[in-house]
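Have a look at the structure below before the remarks.
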Amino acid sequence: MATLMNRIALVTGASRGLGRAIALALAARGVHVAVNFRSQESAAADVCKAIRDLGPRAVSVQADVSYASDVDRLVSAVERDLGPVDILVNNAGISQLKPFDELSEDDWDDLLRVNLKSAFLVTRRVLPAMRQQRWGRLIHLSSVAAQTGGVIGPHYAASKAGLIGLAHSYAALLAKEGITSNAIAPALIETDMILTNPNASPSRLPVGFFGSPDEIGRAAVLLAESDFLTGQTISVNGGWYMT
């Protein structure tokens, strides 16, 4: 298992929810963390303070990672303030509750741009430095929706399934360069996205209760530490989808 002490991580969408939990879990292993946010500046500052309280350095950077120009500005700022990115967590994403037969082309395009295209854009930007040092970790936040259809809609399920395909492709292409690529597929973790979704009920899960965001943080640390795990989807779903 690789030591993570003094590695540099970029976690997109890290001002709250799963991104926040992952950022703090990595920081607890000695990782310096860049906290990306789109609009919640105060929440991102709170995450940075919590990281610094654990010892590592932290910076918050505003960017909409679904746009290439913002991604370039984001990663350039991280490289300037912390160093080249060793660990990328593609967590940024949105959901949209709407009857499936009312989804518009714009609904589809917006959600795929934010949830899937963003992961490609940020990965593309950080990969040259990872390949140069022959070490890197790509962690993509998928969902049980990729495996079961979920409780949000086909546009969301398609975006999250795309992240698994993205993880597989990078894993196959980069394995010999010391770079791993994996996905985490959560289900019904207690975040704002789930608590505001009337279709999300703990009764859907065999365990009978919502998961904690800390479960996803621990999974991310496992993937970051392992030199051997690549091309995998770690399902953290209370038994909803069993493989």
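The values are calculated or read from the model by the stated rules, or taken from the named source; none is laboratory data. In this text, all values refer to a predicted model and were calculated from it rather than measured experimentally. Every residue, glycine among them, receives a Cβ derived from its backbone with ideal geometry; neighbour counts consider all protein chains shown.
Table for the structure above
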{"read-out": "Residue that is surrounded by fewer than 17 Cβ atoms within 10 Å (Cβ to Cβ), at pLDDT 95 or above, in contact with a helix residue (DSSP H, G or I) (Cβ under 6 Å, 6 or more places away or on another chain) and not hydroxyl-bearing (Ser, Thr, Tyr), where the choices are Arg131, Arg125", "value": "Arg131"}
{"read-out": "Positions within the range 54-75 being farther than 28 Å from Ala158 by Cβ and out of contact with any helix residue (DSSP H, G or I) (no Cβ under 9 Å at 6 or more places or on another chain), in sequence order", "value": "Arg73"}
{"read-out": "Residue within the range 219-239 that is in contact with a strand residue (DSSP E or B) (Cβ under 7 Å, 6 or more places away or on another chain) and either aromatic (Phe, Trp, Tyr) or farther than 26 Å from Phe120 by Cα (or both) present", "value": "yes"}
{"read-out": "Residue match in the range 29-42 (condition: over 21 Å from Glu215 (Cα atoms) and touching a helix residue (DSSP H, G or I) at 6+ places or on another chain (Cβ under 7 Å))", "value": "yes"}
{"read-out": "Candidates Ser69, Ser76, Ser42, Ser15, filtered to the one that is touching a Phe, Trp or Tyr at 6+ places or on another chain (Cβ under 9 Å) and among the hydroxyl-bearing types (Ser, Thr, Tyr)", "value": "Ser15"}
{"read-out": "Among residues of the range 212-243, those that are of a type outside the set (Val, Ile, Thr) and within 20 Å of Ala9 (Cβ to Cβ), counted", "value": "16"}
{"read-out": "Restricting the range 196-222 to residues that are over 16 Å from Ser143 (Cα atoms) and of a type in the set (A, V, I, L, M), the residue that is modelled with the lowest pLDDT", "value": "Val207"}
{"read-out": "Subset tally (residues that are among the basic types (Lys, Arg) and farther than 18 Å from Asn182 by Cα) for the range 198-243", "value": "1"}
{"read-out": "Tally, over the range 10-52, of residues that are of a type in the set (Lys, Arg) and closer than 15 Å to Asp81 by Cβ", "value": "1"}
